Amino acid sequence: MPKIKNPVIPGMSPDPSIIHVNDTYYIATSTFHWNPIIQIFQSKDLANWQLIDYVFKNGEVNLSGTNTPAGVWAPHLSYDSINKKFWLIYSHMINMAGREFNADTYAICAENIKGPWSAPIYLTSIGFDPALFHDDDGKHYLTILEWETRQGYQAPGHIVIAEVDLAEGKLASPWHRLTQGFTTRGCAEAPQIYKRLDNYYLIIAAGGTGYAHGIEIGRAKDIYGPYQPHPSGEPIVTSSPNHLFSLGDPDAGHFEMYNPNSLMQKAGHGSLVQSQNGDWYIAHLMSRPIKDTLLNPLGRETSIQKMHWTEDGWLIMADGSNLAKMEFDSALPLEDEISHDVIEEFDHGYQLSFMTPYQHQSPQWVNTHERHSHLRIHGQNSLFSQVKPSIMATRATSFDYYIQTKVEFHPEHYSQTAGVGLYYDSNNWLYLHLTYSEQLKTPVLTTLQAKLGTRIEYVNHRIAIPNGVVELKLSYQHGKVALLYRLDEAWMPIMQTIDVLYLSDEGVNGEPGEIGGFTGLFNFIAAVDSYQHQSYADFDYYYVINNG
């Protein structure tokens, strides 16, 4: 039988929310500080997923100045079959300082998955990880984590529910507290309601979005509960089945729960879907650490597990265990495998896969119309900036790949740069670029690095590029990167291999035992002009070729 191989969406694609409408599956995922906002993927077979759109593309949500890992969190996608509308609800995390998580939750709707989407409806600021449930009597309900800030109370809070009037854009009932979790793992979040036969089922994430992550389930006859936990007392899906008591721990990395017997780690935060042949699946996030480390450069990716309903009405994995699998037999015919390589020559605009941190893409600073078959990027603020950095990036999806481009750039000041690099956030990146040397009075190729906010300049590795035209290549292999350039036929190294393992969810914090980010590694091309905001760079092509 053909196999579904995980991750089905490699690279940054966390918090997947899956639905099945007519003959098509859709998944929405978080994007945090990245624009465009909220990725929408499409599939016919659950194994091959194509990015088809984003929800917000024109600056509708202001992410300027967003600190890692704030931004747009955990979108939930649903379909109201009575009114024939797609609904998407999300939280905009604005502040995380002092553990005062300030997040505003909005809902939008559309008749087509590609929009146009309605204006956002504000619903609450009680917490984050919202979800909508459309009951068969026409009522709508909002579930969410009520964030706990009080000393002495169990963190991170309660799972709560309220009826919501979507037509009026307001809550239609008081909040009802449902649970603080169905196992001893704690950190209950991401609540989602499903209905099957005479029962309501509440699926939640547990254990924190680290190595203890898992998916829990409870059921009730009434939507307001009480909810009976799954009789196993453990998550129904996890990559770390060992028992854990962690009540009150708000969101630790739980590195002690790393499972050395599994390639997949951090399996959790799932959503449920039924296929056209009646089978059930859960889409969930996962991570794959670099071998012999606990660091995950590719961030949290999307996987799928096949599920099964028992005779007594409980949901379990199809193989009877609760250990998330890297692959399983597919009951559906599979389409041709989708390539995750990026091959862009800018002949007809640029691909959907390009994203930008902190600001939206606009033709004022990035376009293909000013020079045919080239991407022109107008330089703006430093790559350290969370306000208007001119970065065009794509998700890293492999541990072994290279990124290659050709750039033409004519700087006249050392504060003007253009090139290629690896990026996690404004404090963590590597940048091989052209700039101007006053000493040599010519453009030069050099390297700049940001590590936990510290600037590292490789002043002893500079190559003169008099005509301002050069091909650049970064070869990434399991956390190490080689930097090369080409002026004619031969690729030449500019310096030794650099360790960039810190460009990972765990590596960008600096605090042992903590997770610093929720996104993942990106490849990028960029231009900077903190001199006069007048220079620009032209990129002839952009390739990311995965070797495995």
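Around G507, under 14 Å between beta carbons, what's the net of Lys plus Arg minus Asp minus Glu among the other residues? Result for the local shell: -4.
Per-residue Karplus couplings for the range 154-169, computed as 6.51 cos²θ - 1.76 cosθ + 1.60 with θ equal to phi - 60°, are listed in order as 5, 8, x, x, 9, 7, 10, 9, 8, 6, 10, 9, 6, 5, 8, x Hz, Gly and Pro entered as x. What whole number of Å gives the distance from the Cα centroid of the range 152-205 to the Cα centroid of the range 270-308? So the two Cα centres are separated by 22 Å. Sequence-distant contacts, meaning Cα pairs under 8 Å at least 6 residues apart, place the relative contact order of the chain at 14 percent. What the range 68-135 shows is 37 Å² of accessible area per residue, with the surface traced by a 1.4 Å probe over protein heavy atoms.
Per-atom-type breakdown for the chain gives carbon and sulfur 47% of the accessible area (1.4 Å probe, protein chains only). Within the range 299-330, which residues have the backbone N less than 19 Å from the label spot 7 Å out from N261 along Cα→beta-carbon, could you tell me? From the range 299-330, the list is 317-328.
For the listed peptides 82-89, 472-479, a ranking on the average number of other beta carbons within 10 Å per residue, highest first, reads 472-479, 82-89.
Solvent-accessible surface of the range 341-476, averaged per residue with a 1.4 angstrom probe and all protein chains in place: 38 square angstrom.
What does the charge add up to near L123, with Lys and Arg as +1, Asp and Glu as -1, over the other residues with Cβ less than 12 Å from its Cβ?
Taking every other residue near L123 into account, the sum is -3.
Sorted largest first, the principal axis extents computed over the alpha-carbon atoms of the range 138-203 equal 38, 29, 15 Å.
When only the Cβ of Lys, Arg, Asp and Glu is charged (+1, +1, -1, -1), the dipole of the range 200-296 relative to its Cα centre reaches about 180 debye. With K and R counted +1 and D and E -1, the other residues having a Cβ less than 12 Å from that of T368 yield a net charge of -4. For the range 240-291, the solvent-accessible area of protein heavy atoms averages 40 Å² per residue (probe radius 1.4 Å; ligands and nucleic acids excluded). In this label model, T24 and D319 are separated by 3.3 nm, measuring between points 7 Å along each Cα→Cβ vector. Highest mean packing first, where packing is the average number of other Cβ atoms within 10 Å per residue, the peptides 236-245, 426-435 line up as 426-435, 236-245.
Rounded to the nearest 5, the antiparallel percentage of DSSP beta bridges internal to the range 105-183 is 100%.
Listed options for P(r) over Cα pairs in 20 Å bins from 0, in percent are (1) 19, 51, 26, 4, 1, 0; (2) 23, 59, 18, 0; (3) 22, 54, 21, 2. The value calculated from this structure is the one marked (3). A straight chain from Q364 to T442 at 0.36 nm per residue would run longer than the Cα-Cα distance by 25.3 nm. The Cα center of the range 102-128 and the Cα center of the range 29-46 differ in position by 15 Å. Assuming charge only on the beta carbon of Lys and Arg (+1) and of Asp and Glu (-1), the dipole of the chain about its Cα centre is about 540 debye to the nearest 20. Taking amide hydrogens as placed 1.01 Å from N in the peptide plane, the amide H of N509 sits under 5 Å from those of G516, each at least 5 positions away in sequence or on another chain. The packing ranking, built from the mean of other Cβ atoms within 10 Å per residue, places the peptides 150-158, 292-300, 6-14, 126-134 in the order 6-14, 126-134, 292-300, 150-158, highest first.
Which FRET efficiency value, to the nearest 0.05, is calculated for E457 and Q351 with the Förster distance at 25 angstrom and r the Cβ-Cβ distance?
Between E457 and Q351 the formula returns 0.20.
A simple spin-label model places pseudo-atoms 7 Å from Cα toward Cβ; at Q228 and H176 they are separated by 1.8 nm.
The values are calculated or read from the model by the stated rules, or taken from the named source; none is laboratory data. All figures in this text were calculated on a predicted structure; none of them were measured in a lab. Reconstructed Cβ throughout: ideal geometry from the backbone, glycine too, with neighbour counts over all protein chains shown. Surface accessibility is based on the protein's heavy atoms, side chains included, excluding ligands, DNA and RNA. Shrake-Rupley method; radii C 1.70, N 1.55, O 1.52, S 1.80 Å.
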